[in-house]
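To keep things clear, I will list the structure first and then write my remarks on it.
The values are calculated or read from the model by the stated rules, or taken from the named source; none is laboratory data. Fair warning: this is a prediction, and the values are worked out from it, not measured in the lab. Calculation scope for accessible area: heavy atoms of the full protein, side chains included, ligands and nucleic acids excluded. Shrake-Rupley method; radii C 1.70, N 1.55, O 1.52, S 1.80 Å.
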Amino acid sequence: MKLTCNRAWGLGFLTLLAGMVLTSCEEDTDGSPSFEVGTPVATQIMPDSAAGGGTVTLLGTGLGDIRSIVFEKQEVPAGFQPTLNTDKALIFRVPTEAAGGVQNIIVTNSAGRSTTIPFKVLAYPTISDASNYIFSKGTIITLTGNNLDDVTAVAVADSVKGISDAATIISKDKKQLVVEMPASTLSRGTLSITNGTGRIRTRQEFVNMDLAYKIFTDTFGAGFANASWGDAATVTTKEKKDGSASLTKTYQKGNWHLTGLSNWSSAIAYSPDYTYITGWIKGASADYSLYITTDAGKAGFGDFVEANRVDVKAGVWNYFKIKISDMDFWVPGKKLTQVGFRIKGPDKQDETFYFDDILLVK
């Protein structure tokens, strides 16, 4: 049996094969639509201000072939997805590294042609940590955070009382701000910090040592003396959080020692105005808990009350600030003559702690 082929069918089949070959040889793309390269024009941006990570939409013409987006201050590039572009709209996010304030956004196409549009980056200052939370006039404090390079004003402030005492800016960069603290009429207050975006108040509160009742600073407070159990607590210049000295105490292994400070000559009369006990403790070779104890609490001097516990990390200065009304610290009507820090143990070896700027704060 002889097989024959129709000529017309054969030509059609060859044409189909040729088409398939041509299709398979087309240039791969990233999925972006094809646009004619012209001159981009920006007419509107929505919104006209946003913080890092915020999504914005640029409207105009000739935007389909954009290849770069740059925020003018410090030339910070913004990432974007070309497949989301149209000739009249471009969607992108404000880079988290963008500097705050009003600036141009520069968009450029593949031919090197650009357009700009003004935009305000919202980059409020933030504070995550401070070298100290206790100050007096002239104390230098280093603040760590973000968006601090364009800070123009810092003040110790209380909006309710309407008080704002200006600090002096010593130095600043993106992540760090160094200030000299002022004399203040506030016993404690937050910091008001202003930069190119606006003003914020820190969540951290700063205590004015000049208006606090001093139990220990560079030396024992007026009327106070060592009243420790076991080895005495002594003043040393070897370690200090602030000033020139601290109080040190070695807790012997297994003896359950206590760092004690007493004021028998001029006991402190109870006042509901005393709101916090605060200070710094430098830890020993391992993490421990110390328990604040007084002779004016319900349980008596030398007790272990969980509400009075201070967890102390090893080898570093630990800040504590505890509300007195949340503790067993001071029964109304009683006079306060003894304040101490007791430990359970230590069980493995002797341990040495340092104490500085122990204060009662109104």
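Taking every eigenvalue of the Cα gyration tensor of the stretch 118-251, multiplying by 5 and rooting it, what semi-axes result, largest first, whole Å?
For the stretch 118-251, the ellipsoid semi-axes come out as 35, 16, 11 Å.
In terms of distances greater than 29 angstrom between alpha carbons, the cross-link table entries Lys298/Lys321; Lys241/Lys298; Lys298/Lys362 yield Lys241/Lys298. Axis of helix 7-24 versus longest Cα principal axis of the chain: the two differ by about 30°, to the nearest ten degrees.
For the stretch 248-362, what % of the accessible area comes from carbon and sulfur atoms, probe 1.4 Å?
Answer for the stretch 248-362: carbon and sulfur cover 47 percent of the accessible area.
Solvent-accessible area per residue in the chain equals 50 Å², computed with a 1.4 angstrom probe and all protein chains kept.
Sum -39500 (n - 2.57) across every DSSP H segment of at least 4 residues in the chain, then divide by the residue count to get the 222 nm mean residue ellipticity, nearest 500. So the calculated ellipticity at 222 nm is -1500 deg cm²/dmol. Leaving out ligands, DNA and RNA, and with a 1.4 Å probe, what % of the accessible surface on the stretch 69-120 is carbon or sulfur? Whole-percent figure for carbon plus sulfur exposure: 52.
Would you mind calculating the gained length between Val316 and Thr168 on full extension (0.36 nm times residue separation, minus the Cα-Cα distance), in nm to one decimal?
Using 0.36 nm per residue and subtracting the Cα-Cα distance, I get 50.5 nm.
Could you tell me what percent of the accessible area of the stretch 123-239 is made up of carbon and sulfur, with a 1.4 Å probe and every protein chain present? That share works out to 50 percent. Listed by chain and number, the lysines whose C-alpha is less than 16 Å from the C-alpha of Lys174, apart from same-chain residues fewer than 8 away, are Lys73.
What aspartates and glutamates could a cross-link reach from Lys348, if we take a straight Cα to Cα line under 14 Å and drop same-chain neighbours fewer than 8 places away? Answer for Lys348, where 14 Å is the Cα cut-off: Asp287, listed by chain and number.
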